[in-house]
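K.L.:
Okay, handing you the structure first.
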Amino acid sequence: MKVDFGVQINGWIVDSAFTMAFNPTYDNLLAAVKDATNTGIKTAGIDVRICDVSAAIQETMESYEVEIRGKVYPVKPKSIPFLKNSDETKMEEGEIFAIETFGSTGRGFTREENDIYGYGLNDDVPANVRLPLTSANRLLKTIRENFGTLVFPRRYLERLGAERYVAGLNCLVDNGILEAYQPLVDIPGSYSAQFEHTILLRESQKEVISRGDDY
């Protein structure tokens, strides 16, 4: 079971995630991904290149393997930012980063599944945009007031009392106002785990602002 949650106050976001397994068979998979996240946190810092953080995360995760029903699987990192890359951008003082890692017993490559789990307002949508459907304009106003650019599922619209919104929602997607996000999956039968923390790079210290006594 993966638990991924965030808190947003006035545009400032803290995100965190963890995975639980109710079977010790998967302990090493969880340990690999948790260790990779903690390695990313330790490696990150002012003037540290993002590619160096990614390389450290990948090296840590790939040092693990997990045995499931008599077969040994290497643990593979799933997200591109956490693989060795050429991004030499340096982290700077005052910046906030989410160190989020995914490990898989599959190929480590994901594909989009034919479904939609959420929608997100694109950053560059003009404030005065007008669409041909009244329902789309009404829905856009609701989304801006309640979600901004944060991703949301359809059930959140229903909780807000939105009715007959499907045509408007599709219109927003078709016109590039909203991005529709599909689930990313590995090969069938593979197992994955996820861990995440949010860090703030202060002048004199690195603060894990999502860290608590229990995680």
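The values are calculated or read from the model by the stated rules, or taken from the named source; none is laboratory data. Just so it is clear, the structure is predicted and the values come from calculations on it, not from any experiment. No Cβ is skipped: glycine too gets one built from the backbone with ideal geometry, and neighbour counts run over all protein chains shown. Note: areas computed on protein heavy atoms with side chains; ligands, DNA, RNA excluded. Shrake-Rupley method; radii C 1.70, N 1.55, O 1.52, S 1.80 Å.
K.L.:
In the stretch 1-105, which GluC sites (Glu not before Pro) fall in coil by DSSP and have 15 or fewer other Cβ atoms within 10 Å?
P.N.:
Working: sites: Glu59, Glu62, Glu65, Glu67, Glu88, Glu92, Glu93, Glu95, Glu100; in loops: Glu62, Glu88, Glu92, Glu93, Glu95.
Of the GluC sites (Glu not before Pro), the ones in loops of the stretch 1-105 whose Cβ has at most 15 other Cβ atoms within 10 Å are Glu88, Glu92, Glu93, Glu95.
K.L.:
Something else: Mind checking the log10 I(q)/I(0) for the stretch 1-116 at q = 0.12, 0.15 Å⁻¹? Debye, one equal scatterer per Cα, no solvent, two decimals.
P.N.:
Evaluating at q = 0.12, 0.15 Å⁻¹ gives log10 I(q)/I(0) of -0.49, -0.75.
K.L.:
Quick one: which residues, 5 or more positions from Phe195 or on another chain, have an amide H under 5 Å from its amide H? H modelled 1.01 Å from N in the peptide plane, none for Pro or chain starts.
P.N.:
Thr101
K.L.:
Another one. For the stretch 98-207, with all protein chains present and a 1.4 Å probe, just round the carbon and sulfur fraction of the accessible area to a whole percent.
P.N.:
C and S atoms contribute 46 percent here.
K.L.:
Something else now. Could you give the length gained by full extension between Ala98 and Arg154, i.e. 0.36 nm per residue of separation minus their alpha carbon distance, to one decimal place?
P.N.:
Numbers: separation 56, 0.36 × 56 = 20.16 nm, distance 2.51 nm.
Taking 0.36 nm per residue and subtracting the Cα distance, the gain is 17.7 nm.
K.L.:
Ok, one more. Residue-wise, which Karplus ³J(HN,Hα) couplings in Hz belong to the stretch 7-23, taking 6.51 cos²θ - 1.76 cosθ + 1.60, θ = phi - 60°, and x for glycine or proline?
P.N.:
10, 10, 10, 6, x, 8, 10, 10, 10, 8, 7, 8, 10, 10, 10, 9, 8
K.L.:
Give the accessible surface of the chain per residue, rounded to a whole number of Å², with probe radius 1.4 Å and ligands, DNA and RNA excluded. Each step should come with its number before you reach the end.
P.N.:
Values: 12960 Å² over 215 residues.
I get 60 Å² per residue for the chain.
K.L.:
Given the pairs Lys34/Lys71; Lys42/Lys71; Lys42/Lys78, which are separated by over 30 angstrom at their Cα positions? The partial results should precede the final answer.
P.N.:
Details: Lys34/Lys71 22 Å; Lys42/Lys71 32 Å; Lys42/Lys78 20 Å.
Long pairs (Cα-Cα over 30 Å): Lys42/Lys71.
K.L.:
With θ set to phi - 60° and the Karplus curve 6.51 cos²θ - 1.76 cosθ + 1.60, what are the ³J(HN,Hα) couplings of the stretch 190-195 in order, to the nearest whole Hz, using x for Gly and Pro?
P.N.:
7, 10, 9, 9, 9, 9
K.L.:
Related question: What are the ³J(HN,Hα) values, in whole Hz, obtained from phi via the Karplus relation 6.51 cos²θ - 1.76 cosθ + 1.60 with θ = phi - 60°, for each residue of the stretch 94-107 in sequence order, with x given for Gly and Pro?
P.N.:
Residue by residue, the stretch 94-107 yields x, 7, 10, 10, 9, 9, 10, 10, 10, x, 9, 8, x, 7 Hz.
K.L.:
List the residue ranges in the chain for DSSP H helices whose C-alpha atoms run 15 angstrom or more along the long axis and whose Kyte-Doolittle average is 1.6 or above. Don't skip to the answer; put the middle values down first.
P.N.:
Numbers: long enough: 27-43 (24 Å, -0.15); 50-61 (17 Å, 0.77); 134-146 (18 Å, -0.90).
Taking the DSSP H segments of the chain (at least 15 Å long, mean hydropathy at least 1.6), we get none.
K.L.:
Percent antiparallel among DSSP beta bridges with both residues in the stretch 2-72, to the nearest 5?
P.N.:
Working: 10 of 10 bridges.
In the stretch 2-72, approximately 100 percent of DSSP beta bridges are antiparallel ones.
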